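The values are calculated or read from the model by the stated rules, or taken from the named source; none is laboratory data. Keep in mind that what you see is a predicted model, and the values were worked out from it rather than measured. Cβ sites come from the backbone with ideal geometry, for glycine too, and all protein chains shown count toward neighbours. Remember, those area values only see protein heavy atoms, side chains included, never the ligands or the DNA or RNA. Shrake-Rupley method; radii C 1.70, N 1.55, O 1.52, S 1.80 Å.
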Amino acid sequence: MSKKKAVSIEKRGNIAIVRFDRGERLNAFGPPLVQDLTDVAKSFQDDLETNVIVVTGTPDYFSSGADLKDSSYWDKERSALERRHLIRNGGRLCDAWEELPQVTIAAISGLAVGAGCAFSLACDWRIMDRDAYFYVPEGKLGLNLQWNTIPRLVSLVGPARAKRIVLMCEKMYAPELFEWGIVDSVAETKGGALEAAMKWAEIVAAFDPLTVRMVKEAITVTATALNRGLSFGDSDQAMLGSLLNAELQAMPNRR
């Protein structure tokens, strides 16, 4: 039996719907899913027919975050260079989606944890079910927030609220995220985020695509001009932190 593809693309005229469903682990971002979604973004770069891309998980959940149980991330048989390249793939995924010429909308149901939150912030808009939530637990796990996410988060909510999201490790539901400006619309029904995202997509898809692409690029470049310089080392910080934590845990007589 052939393995089900985790990512599928449905075309509706000049709108594309990208769905990702691992079928396990609540859509955790393991290396294969990260690579598949990166490849999908690259496939749209030269697509002049598609004007809007809606990306979504399942009707029950968007993503439970990075798959920390995937040994590929921590395989000691890999060289440090190989592990660094693998860990940096998440940042490349988000950059690939942020740089798309089409307008992108994340339709979010259920949970969007850690990397799931980071991925959605690389899209132009986020639409959530009312009972959906963001949860950034990295602080509890002794990890920093990666995937070039901190500058995107700060630009949306400002430094104080960004610190609260990352340091307090709270579940934050769609209505509050809407008030803070992270979420752009809230769907009242469970699973309604996709339908709401399609309504937005239909509006934008009817406009002149040349104008839409030029406006999007102008705004994105203005908002993200310094992002690379501010976040290029986040994966290196994560690697260093994990090594230091491992050494501390291995120290004798550690209390």
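When residues in the range 50-99 are screened for being surrounded by 23 or more Cβ atoms within 10 Å (Cβ to Cβ) and among the hydrophobic types (A, V, I, L, M, F, W, C), 9 of them pass.
Regarding the range 208-220, can at least one residue be identified that is open to solvent by 100 Å² or more (accessible area, probe 1.4 Å) and either within 25 Å of Phe134 (Cβ to Cβ) or within 18 Å of the chain's Cα centre (by Cα) (or both)? Walk me through how you get there before you give the answer.
So in the range 208-220, the residues open to solvent by 100 Å² or more (accessible area, probe 1.4 Å) come out as 210, 214, 217, 219.
Adding the requirement that they be either within 25 Å of Phe134 (Cβ to Cβ) or within 18 Å of the chain's Cα centre (by Cα) (or both) leaves 219.
Checked the range 208-220: at least one residue is open to solvent by 100 Å² or more (accessible area, probe 1.4 Å) and either within 25 Å of Phe134 (Cβ to Cβ) or within 18 Å of the chain's Cα centre (by Cα) (or both).
Of the numbered criteria (1) under 18 Å from Gly116 (Cα atoms); (2) of a type outside the set (Phe, Trp, Tyr); (3) modelled with pLDDT of 95 or more, the one Leu143 fails is (3). Of the residues making up the range 9-41, just one is within 29 Å of Leu210 (Cβ to Cβ), within 19 Å of the chain's Cα centre (by Cα) and loosely packed, with under 13 Cβ neighbours inside 10 Å, namely Asp39.
The residues of the range 59-103 that are of a type outside the set (A, V, I, L, M, F, W, C), under 15 Å from the mean Cα position of the chain (by Cα) and closer than 22 Å to Asp131 by Cα, listed by number, are Tyr61, Ser63, Ser64, Gly65.
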